[in-house]
Amino acid sequence: MCGRYTLSQSGDAIAAAFGISAIPNLPPRFNIAPTQNVPAVLQAESDRELAERDRELQLLHWGLIPSWAKDPGIGNKMINARAETIAEKPSFRNAFKRRRCLIISDGFFEWQRREKRKQPFYFRVGEGELFAFAGLWEHWQDASGTEINSCTIVTTDPNELMAEFHDRMPVILHPEDYDRWLDSDSNSSDLQHLLRPFKADRMQHYPVSLEVNNPRHDSPTCIEPVAA
């Protein structure tokens, strides 16, 4: 699964990496947790004034709330979506067909069980480059008119590195696949091959402080290496 991650790079770097014309003003985040608002890249809607811009950044509630849900609290259980079932599962199938997004990150956390505790590890691509999780998003509105746009991170089988820590890992997309994933006209069956484990030899990992266990801790110390 993926339950915590980071996005600490500048708005300029994010705009350049994801082809966004408006540079986002985002504070560095070192311990992003479910139910928080997270930056995601969506395909711009064609009827907007800035239609010539292919992509736009939005803040989405992490924890997908299906459009048919009566209680938005259901999103707390939907921070991740299994790649194998998103095309059929009622909670995700409509979003998979029409509302896919790129959830921006530069690293994520996973825990390894030790004798008396769980040790957190930080995982990143290369030397800490920006990347995108495959995401789905959904629009929800209640009877009073309250609206929430929410998202989930798609997961798949682990690669050789991640298998030592968990039986799932987030789907990390390659930049050359961003357009296909975002394109609402892409055929769902053609997208399934993108939902594969990322290559282990392109990833790095190291142990970090137990401080990351508390989502109220959100500082660079969360990603500083410690002795395992």
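The values are calculated or read from the model by the stated rules, or taken from the named source; none is laboratory data. Just so you know, these numbers come straight off a predicted model, no measurement behind them. With ideal geometry, Cβ positions are generated from the backbone for all residues, glycine too; neighbour counts draw on all protein chains shown.
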**Report entry** Odd one out for Ser184, checked against (1) part of a loop (DSSP other than H, G, I, E, B); (2) closer than 25 Å to Gln9 by Cβ
**Finding:** (2)
Query raised in the report: Could we say that Asp201 is more than 26 Å from Pro27 (Cβ to Cβ), at pLDDT below 95 and among the charged types (D, E, K, R) here?
Result: no
Query raised in the report: Of the residues Asp201, Asp190, Asp218, which is within 18 Å of Ile104 (Cα to Cα) and either in contact (Cβ under 8 Å) with a residue 24 or more places away in the chain or outside any loop (DSSP other than H, G, I, E, B) (or both)?
Result: Asp218
Report summary line: Of (1) exposed (fewer than 14 other Cβ atoms within 10 Å of the Cβ); (2) in contact with a Ser or Thr (Cβ under 8 Å, 6 or more places away or on another chain), Ser189 satisfies every one except (2)
Requested in this report: Could you list all residues from region 204-214 that are surrounded by fewer than 18 Cβ atoms within 10 Å (Cβ to Cβ) and of a type in the set (A, V, I, L, M)?
Outcome: Leu210
Report summary line: Ile153: passes all of (1) in contact with a strand residue (DSSP E or B) (Cβ under 7 Å, 6 or more places away or on another chain); (2) surrounded by 14 or more Cβ atoms within 10 Å (Cβ to Cβ); (3) in a loop (DSSP other than H, G, I, E, B) but (3)
**Report entry** Enumeration of residues in region 160-177 that are free of Cβ contacts under 8 Å to residues at least 24 places away in the same chain and either within 15 Å of Arg124 (Cα to Cα) or in a helix (DSSP H, G or I) (or both)
**Finding:** Ala163, His174, Glu176, Asp177
Requested in this report: Please work out if Tyr178 is farther than 27 Å from Asn76 by Cα, in contact with a strand residue (DSSP E or B) (Cβ under 7 Å, 6 or more places away or on another chain) and among the hydroxyl-bearing types (Ser, Thr, Tyr).
Outcome: no
Query raised in the report: If you check Leu136 against the conditions, is it over 17 Å from Pro34 (Cα atoms) and in contact with a strand residue (DSSP E or B) (Cβ under 9 Å, 6 or more places away or on another chain)?
Result: no
Report summary line: Filtering region 1-22 down to residues that are under 16 Å from Asp54 (Cβ atoms) and touching a helix residue (DSSP H, G or I) at 6+ places or on another chain (Cβ under 9 Å) yields Ala17, Phe18, Gly19, Ile20, Ser21, Ala22
